[in-house]
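Notes to accompany the following structure.
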Amino acid sequence: MEILFGFLLYIVPLLIVLYVLYSLSLIKSKLDSIMKHFEIKEFPEETVSDEEIEKVLEEQVDKE
């Protein structure tokens with residue numbers, strides 16, 4: 001009987017960890033499919049040049 005409890009003591013936490021990892025991978029998979037559906041890039045590569053920033057700032061100063 002003690003062997004059974006010892007076995008369960010090691011198996012139950014292992015099963016919990018496996019379930020959590022599976023859940024996290026499932027969530028990531030669903031999130032990726034949603035991002036793909038809405039065409040959202042994970043890291044948008046939008047760069048703004050210094051000239052564009054300067055131009056916007058000058059326009060804001062001119063408005064004031």
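The values are calculated or read from the model by the stated rules, or taken from the named source; none is laboratory data. In this text, all values refer to a predicted model and were calculated from it rather than measured experimentally. Just the protein is used for accessible areas: all its heavy atoms, side chains included, with ligands, DNA and RNA removed. Shrake-Rupley method; radii C 1.70, N 1.55, O 1.52, S 1.80 Å.
Side notes on the structure shown:
- Subtracting the Cα-Cα distance of Asp50 and Phe5 from 0.36 nm times their residue separation leaves 9.5 nm of extension gain.
- Under 21 Å between alpha carbons - lysine pairs in the chain that sit 8 or more apart or on different chains: 4
- Solvent-accessible area of Lys30 with every protein chain in place, 1.4 Å probe, in Å² to the nearest 10: 120 Å²
- Converting the Cα gyration tensor eigenvalues of the chain into ellipsoid dimensions via √(5λ) gives semi-axes, longest first, of 56, 15, 9 Å.
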